[in-house]
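Only one structure is covered here, and it is reproduced in the block below.
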Amino acid sequence: MNDVAPRNSSPDRTGTPSIDSVSLAIIEQLQEDGRRPYAAIGKAVGLSEAAVRQRVQKLLDQGVMQIVAVTDPLTVGLRRQAMVGINVEGDLDPVADALTTMEEVEYVVMTAGSFDLIIEIVCEDDDHLLEMINKRIRTLPGVRSTESFVYLKLRKQTYTWGTR
C-alpha cells in the first residue's frame, strides 16, 4: 500500500485545486457508489484506507466534490421539471442571487447566447410550475423575459463529470 501524501493540494494558475490521477480514481469510485467503503476504494486505487479517507476529506474541504443522496424527483412527489431561459436587463448578479435562494431551483447558470441565465426548476405539478414562473421568477426586478422548456421524459442523467 502506498501512503504517500496527496499531491492534489496545490492550486493551478486559476486558483483551482489540481487533481492527480489517484484522486480522480477515488472520485470515480465514489461516483459509481457514494457509500463504497474507503478500504474497498483503497484496494482499487492502491492506497490505504487512511490515505483514501484523507484524500476524500481534502477533496470535500476544497469543494472539488460533494457526497449527496440523489433522488428521483418523481418518487418524492415532484412531477414537473423544466428548464427556464431568462433574459435580464442590467446586472445579472442580483437576479442570479435571488434565484439561488428559491428551493425549487436546482441550478443557475450564467450563459452567453440566447439567454442570460438558464435555470432548472423542480415542482410538484403544473400549477406549482406556473406559480414559480409567473409569480416568483417573472416578478424579479431585472427579469425581461422567460422561455420555459418543460421536461416530458428524462432519458439520461449522470454525475461522472471530470473522470471519464
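Among the residues of region 123-130, is any touching a helix residue (DSSP H, G or I) at 6+ places or on another chain (Cβ under 8 Å) and at pLDDT below 95?
Yes, region 123-130 contains at least one residue that is touching a helix residue (DSSP H, G or I) at 6+ places or on another chain (Cβ under 8 Å) and at pLDDT below 95.
Could you list, ordered by first residue, the pairs with Cβ atoms under 8 Å in which the first is in region 39-60 and at positive phi and the second is surrounded by fewer than 16 Cβ atoms within 10 Å (Cβ to Cβ) and not in a helix (DSSP H, G or I), at least 6 apart or interchain?
Filtered contacts from region 39-60: Gly46/Met1; Gly46/Asn2.
State yes or no: is Leu59 open to solvent by less than 30 Å² (accessible area, probe 1.4 Å), over 23 Å from Thr158 (Cα atoms) and of a type in the set (A, V, I, L, M, F, W, C)?
no
Between a first residue in region 111-135 that is buried (at least 19 other Cβ atoms within 10 Å of the Cβ) and a second residue that is in a loop (DSSP other than H, G, I, E, B) and of a type outside the set (A, V, I, L, M), which pairs have beta carbons less than 8 Å apart while being 6 or more apart in sequence or on different chains?
Listed pairs, sorted by first residue: Leu117/Thr111; Ile121/Glu104; Val122/Glu104; Cys123/Arg79; Cys123/Glu104; Met132/Glu104.
Quick grid of which residues meet (1) at pLDDT 95 or above; (2) acidic (Asp, Glu):
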residue	(1), (2)
Asp33	no, yes
Gln62	no, no
Ile119	yes, no
Leu140	yes, no
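If you check Ala82 against the conditions, is it in a helix (DSSP H, G or I) and either touching a residue at least 40 places away in the same chain (Cβ under 8 Å) or touching a His at 6+ places or on another chain (Cβ under 8 Å) (or both)?
In short, no.
When you check Gln157 against the structure, is it of a type in the set (S, T, N, Q), buried (at least 17 other Cβ atoms within 10 Å of the Cβ) and either in contact with a strand residue (DSSP E or B) (Cβ under 9 Å, 6 or more places away or on another chain) or not in a helix (DSSP H, G or I) (or both), yes or no?
The answer is no for Gln157.
In region 87-107, what count of residues is obtained for those that are more than 19 Å from the chain's Cα centre (by Cα) and open to solvent by 90 Å² or more (accessible area, probe 1.4 Å)?
2
Would a scan of region 49-72 turn up a residue that is under 23 Å from Cys123 (Cα atoms), in a loop (DSSP other than H, G, I, E, B), out of contact with any helix residue (DSSP H, G or I) (no Cβ under 6 Å at 6 or more places or on another chain) and of a type in the set (Asp, Glu)? Give the derivation first.
First, pick out the residues of region 49-72 that are under 23 Å from Cys123 (Cα atoms): 68-72.
The next check asks that each one be in a loop (DSSP other than H, G, I, E, B); those that pass are 68-72.
Still in the running and out of contact with any helix residue (DSSP H, G or I) (no Cβ under 6 Å at 6 or more places or on another chain): 68-72.
Filter once more, keeping what is of a type in the set (Asp, Glu): 72.
Yes; the residues of region 49-72 include at least one that is under 23 Å from Cys123 (Cα atoms), in a loop (DSSP other than H, G, I, E, B), out of contact with any helix residue (DSSP H, G or I) (no Cβ under 6 Å at 6 or more places or on another chain) and of a type in the set (Asp, Glu).
The values are calculated or read from the model by the stated rules, or taken from the named source; none is laboratory data. This structure is a prediction, so every number in the text was calculated from the model and none was measured. Note that each Cβ is placed from the backbone with ideal geometry, even for glycine, and that neighbours are counted across all protein chains shown. Accessible surface is based on the protein model in full, side chains and every heavy atom, while ligands, DNA and RNA are left aside. Shrake-Rupley method; radii C 1.70, N 1.55, O 1.52, S 1.80 Å.
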